[in-house]
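Here, each number is a calculation from the coordinates, and none is a lab measurement. These numbers come from a predicted model, not from an experiment. A quick note on method: Cβ atoms are made from the backbone with ideal geometry, for glycine too, and the neighbour counts reach across all protein chains shown.
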Amino acid sequence: MNQQNEKAWQEFFLPRLTTTDIQNLDKKKGVVVLPVGAVEQHGPHLPVYTDTLIAEGMLNRIFEHIEPEDNVWLLPPIPYGKSNEHFGKPGVMTLSAHTLGQVVLDIGKSVKASGFRRLVLFNTHGGNLDLLNMMAREIRIETGLMVFRMNVMDFKGELEDLYSKEELQYGIHGGDVETSMILALEESWVQMDKAPVEYYAYNQPVDIKGGPYAAWLIDDLSASGISGEAALATKEKGIQTIDRLSRKMAGTLQEISSFEMDSFHSKPVPSTT
């Protein structure tokens, strides 16, 4: 995507500042956002850049709702994720769990050394979730940073009138939601004439979401490489999806920018005796 003139990559792009500028930022309030995407297969109709493209496009919209006084700063995306569930398919470029975890940890240390107090791991690939949750805690332990993990579908309840219940629950990869979003972001990259409809068989005593949990590879689930209703996607749904999710995420980032961990402290229960 051409990000040259986007607000996110101009007003709020941390690396555009000098080291002196960054040193002089007021860091009592504020947060640094590290996007983490992936380069992996998304069926016969979507580009392998889908997840990272969604990260870039979502951030463009999110930062339209951010103001300078929010002190929300953006780092360059990590375009590669832990995508070994798709490994071996053409175009899949994956990092190992160890490599991605170490990269995220090292960036966390750098954010701390730059004087910041809060870090958001902004994720757009389901295969990164478990690792990023684990690394968020490791960064917290090692650096003292307040670390948060946000996922692009954290607010999917906002989309219930746009997509089927089955898509929102089981459309985990390359389905109606992702295809609609890519149509909105880079329509010419989508081959809708090849878009399939396929769900994995989820009515099982174990599942790939929640528990009891079965570890899976994409070939265990799908012949087409997707799970969802890609053939039903439209650009209009994608535009609405990005708009609704970006507004919720912008509000969350604004709240995180002044969040303090002692907000979690339990309050004493009044004695009844």
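Could you pull out the pairs from Lys82/Lys156; Lys27/Lys237; Lys7/Lys89; Lys89/Lys165 whose alpha carbons sit more than 26 Å apart here?
Too far apart for the 26 Å limit: Lys27/Lys237; Lys7/Lys89; Lys89/Lys165.
Compare His98, His42, His173 in a GNM of the chain, Cα atoms joined below 10 Å, and give the one with the largest fluctuation.
His98
In whole Hz and in residue order, list the ³J(HN,Hα) couplings for the range 158-166 that follow from phi through the Karplus curve 6.51 cos²θ - 1.76 cosθ + 1.60, θ = phi - 60°; x for Gly and Pro.
Each residue of the range 158-166 in turn: 6, 10, 5, 8, 9, 10, 5, 4, 5 Hz.
Taking the Cα centre of the chain as the origin, how large is its charge dipole in debye, to the nearest 20, when only Lys and Arg (+1) and Asp and Glu (-1) carry charge on their Cβ atoms?
920 debye
Starting from the exponent 0.38 and prefactor 2.2 Å, build the expected Rg for the range 152-206 from its residue count and divide its actual Cα Rg by it. Kindly include the intermediate steps, with their values, before the conclusion.
Values: Rg = 12.5 Å, N = 55, 2.2 N^0.38 = 10.1 Å.
It is 1.24.
Can you work out ³J(HN,Hα) from phi for every residue in the range 8-15, in order, using Karplus 6.51 cos²θ - 1.76 cosθ + 1.60 and θ = phi - 60°, giving whole Hz and x for Gly and Pro?
Those phi angles translate into 4, 9, 10, 5, 10, 7, 4, x Hz.
Between beta-carbons, use under 11 Å as the cut-off and find the net charge around Gly101, counting Lys and Arg +1, Asp and Glu -1.
My count for the surroundings of Gly101 gives -2.
Note down the net charge around Asp130, summing +1 for each Lys or Arg and -1 for each Asp or Glu among other residues with Cβ under 11 Å from its Cβ. Don't skip to the answer; put the middle values down first.
Working: positive: Lys82, Arg149; negative: none.
Neighbour charge sum, excluding Asp130 itself: +2.
What distance in nm separates the two pseudo spin-label positions at Thr18 and Lys109, each 7 Å out from Cα along the beta-carbon direction?
Using points 7 Å along Cα→Cβ, the separation is 2.8 nm.
With both bridge residues required to lie in the range 12-259, what share of the DSSP beta bridges run antiparallel, to the nearest 5%?
The antiparallel proportion sits near 20 percent.
What list of ³J(HN,Hα) couplings, whole Hz, do you get for the range 55-65 from phi and the Karplus terms 6.51, -1.76, 1.60, once you set θ to phi - 60° and write x for glycine and proline?
Couplings: 4, 4, x, 5, 5, 4, 6, 4, 6, 5, 9 Hz.
In nm, to one decimal, how far is the modelled label at Asp161 from the one at Tyr202, with both set 7 Å along Cα→Cβ?
Label at Asp161, label at Tyr202, 2.3 nm between them.
From the list (i) 21.9, 84; (ii) 21.2, 64; (iii) 19.4, 71, can you say which value of Rg and Dmax of the Cα atoms in Å was derived from the structure given?
Among (i) 21.9, 84; (ii) 21.2, 64; (iii) 19.4, 71, the one derived from this structure is (iii).
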